[in-house]
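Below you'll find the structure, written out as structure tokens, and then a few comments.
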Amino acid sequence: MTGTNKFAALILGLLLPLPASAIDGDELLRKVDRNLNPESYEMYRKLINIEPDGRRKEFVLYSVKKGRDKMIALFLDPPSEKGRATLRIGDNMWLYIPEVGKPIRITSLQSVVGGIFNNADIFNLDYSAEYAVEKYEQRPGGHYLELKARTGAVAYDRLKMKVDGPTLLPTEIEAYAASGLLIKTLHFKDIKDFGKGIRRPSVLETDSPLYKGYKSVLIYANIGRRDLPDEVFTLDYLPRARELR
Amino acid sequence: MRARLLASCAAACLAGSAIAEAEEKYSFDIGKFEKQPFELSGYAELRPESYRLNRDGALYKLNFYNQSARTRLDRTTGALEISGLYRHGIATFNATAHGEVSRDDLQSSDRARMYEAYLTLEPSTGVRFEAGKRALRWGKGYAWNPVGFIERPKDPNDPELSREGFAVLGGSFTRSFDGPLQTVTFTPLLVPTSRQMNKDFGPGNHANPAARLSVLYRDTDIDFMILGQGARGARYGFDFARNLSTNLEIHGEWARIRGAAKPVLGAGGAGTLQVSDVTSYLIGLRYLTERETTWIVEYYRNGTGYSQEQMRTYLSFAHSAYDQFLATGNSAALERAGALQTSYGRANPMRRYLYVRASQKEPFDILYFTPAVTAIFNLDDHSYSLAPELAYTGVTNLDLRLRFFALHGARLTDFGEKQNDRRIELRMRYYF
């Protein structure tokens, strides 16, 4: 190999994405997941939908998650939603409405609450469980990831994620439909120490070009590790999810 | 200097208020949502309805033959439902009470019922014992549940309404596994009947043992259920539900009922109790389109239903009885037919029905607004009911729903002979 060829190969090697970079991206995404939440956790969230005229609608949710794919989300407020609970096991999802009296299997894309939130905002598992890294770049001060949904069960087909370098926490995520349409942008704000080594953004603001003037906000509280028996994540237990707290 | 100080103070105050506003904007007082030993919730409801009466309908003639002729009936119903629970250690006591006051152009009525009142003991996760009045819900169907062996009939026009339960004694045992069999739950129970208890479940003193075995196997929900011989004929069945894709769910139920009894009116007006073994089943799907329209479609084969011939015989008899009453003033035949209304006049009394419901989430970007239309087709006589509705939940804790019902059918058909052929209803429900 001539000197020129060696130089060209070196330049080409630097320019072409290597498999190693994808592995780095996957590792980074898993770290982002763990920095956001323990793998098994409980947390409280307030969801606020803010309309252009300033009107708000608020929901309070209690959630528990176990492992990569089991999750329960229970509405605590407002009273019209209180007691509604959703169980997710992988791509299977069930909705329990107290008046109906039994869990009903729903399609995983079915919205269980009105407004601009959808299931992906409320019942999301780890990013690394739902998305594969397609592109990873190191940028000044942080990292940039492009993610592709592993299955069609998630609302957003692609994500573009900006990650803060020192904290390895996401700062902004753009969510796209399969058509390439930007659905919404998530802004992570107000890093807070939740104790026991959990330090993460406490506010997630969302805006969407599809809903101009509307904004939605998620506020996190009391995030902590919690390991629950598998029997909690069953249809039989779902009507009594309120007893978990 | 003073002016600069004032300006600085004003700026600081403004900044402070802005911060306070920002903080207030995203405040989350988690203390308000701490788990309490005692919880209370419920709703108050006001429901005005207006019926256009079907004066040619057999059921109108049966119910209004001794009234002055009318074409319209207005009714207003107020309802209050309160649910409470008290927890102490491994024990939880749950209760739900429901009361209704109704007034229309002819009469007023009220009723108060305890829908549920039961004690749960849960010594460990996956093990539970229950005793008391409990509203059990079996089956995967949305509008109908052939395997709902231990429940009161569901109104397919309002399948999500709460209903009164029965006094039961039972338990539940759940185990989870790794592998294709993910969960197994066994639920044995007794539904004791006597003169004092569960009288409307069936006659006689019986323990009425029942059980359900539920599994989640390869991402499919499957239940097997059985109710032993007792106050009701023995019956067994199964149901299933599964997501075929991320926007398509299918479900089904199958039930075999031994010794199902139904009163049948003969052509001469003589009633007999027909007893036979019957099979009921349901197959359905739930489909979500890209535009967020949810379709629910269900086909129901009602083994306990009347054949088209049996229904025509009954309806013809009602018309003849009315003509006889007009001619002679003798209402005996009308009263005989009227006594069978609980069976012939119930919702969906025949054998083959198709339920179709389409609801659109927030069209035209109107948040919390859901229009829907529901159709129930009687596939035996080709009569049908069509019910468009508008629902709005944009005001916190207030649900508004406006519905209109239009019933269509030829003479001597299920929907063509109902007491009313049009109905409009506004439901205002406030949760607390």
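Each reported figure results from applying straightforward, stated rules to the coordinates on display, with no laboratory input. From a predicted model like this one, the values you see are computed outputs, not experimental measurements. Don't worry about glycine lacking a Cβ; one is built from the backbone with ideal geometry, like all the others, and counts go over all protein chains shown.
With θ taken as phi - 60° and the Karplus curve 6.51 cos²θ - 1.76 cosθ + 1.60 applied, the whole-hertz 3J(HN,Hα) list for the range A:163-180 is 10, 5, x, x, 9, 6, 10, x, 10, 7, 10, 9, 10, 10, 7, 4, 6, x Hz, x standing for glycine and proline. Here the label points at residue B:234 and residue B:270, each 7 Å from Cα along the C-beta direction, are separated by 3.2 nm in the simple model. Within 10 Å of the Cβ of each residue in A:86-97, the mean number of Cβ atoms contributed by other protein chains is 2.
Helix A:3-15 and the long axis of chain A differ in direction by around 10°, with both axes built from C-alpha atoms. To the nearest ten degrees, helix A:19-36 and the longest principal axis of the Cα atoms of chain A are 30 degrees apart.
Would the range A:28-90 count as rounded, prolate or oblate if I go by the C-alpha gyration tensor, calling it rounded below 1.5 in a/c and otherwise prolate when a/b exceeds b/c, oblate otherwise? Note, shape of the range A:28-90 comes out oblate. Counting beta carbons within 10 Å around each of A:64, B:356 and listing the fewest first gives the order B:356, A:64.
Per-residue Cβ counts within 10 Å, from other chains only, averaged over B:27-33: what number is that?
6
Centre-to-centre separation between the Cα atoms of the range B:161-196 and those of the range A:47-88: 28 Å. For the range B:123-174, the fraction of C-alpha pairs farther apart than 17 angstrom is 45 percent. Rg/Rh, computed from the Cα trace of chain B with Rh as the Kirkwood radius, has the value 1.05.
Rg then Dmax, both in Å and based on the Cα atoms of the range B:338-377: 16.7, 51. Cα centroid separation, the range A:179-245 to the range B:198-240: 39 Å. Shielding by partners for peptide B:237-247, expressed as the average number of C-beta atoms from other protein chains within 10 Å of each residue's C-beta, is 4. Exposure proxy ranking for B:254, B:144, based on other Cβ atoms within 10 angstrom of each Cβ and starting from the fewest, stands as B:254, B:144. The alpha-carbon atoms of chain A, seen along their principal axes, cover 78, 45, 36 angstrom, with the largest extent given first. The trypsin sites (Lys or Arg not before Pro) found in the range B:371-432 that occupy coil by DSSP, while having at most 15 further C-beta atoms within 10 Å, are B:411. In a fully extended conformation the segment linking residue B:211 and residue B:69 would gain 46.1 nm over its present Cα-Cα distance, using 0.36 nm per residue.
Inter-label distance, residue B:324 to residue B:34: 7.2 nm, where each label sits 7 Å from its Cα along the C-beta direction. A dipole drawn for chain B from +1 and -1 charges on Cβ atoms has a positive end, and of B:153, B:194, B:115 the residue lying farthest that way is B:194. Here the dipole of chain A is about 280 debye; that uses its Cα centre as origin and unit charges on the Cβ of Lys and Arg (positive) and Asp and Glu (negative). Basic side chains Lys and Arg get +1 at the Cβ, acidic Asp and Glu get -1 at the Cβ, and with that the dipole of the protein assembly as shown about its Cα centre reaches some 600 debye. Of B:166, B:432, the sequence from fewest to most neighbouring Cβ atoms within 10 angstrom is B:432, B:166. The helix-based estimate of mean residue ellipticity at 222 nm for chain A, built from -39,500 (n - 2.57) per DSSP H run of four or more residues and divided by its residue count, is -4500 deg cm²/dmol to the nearest 500.
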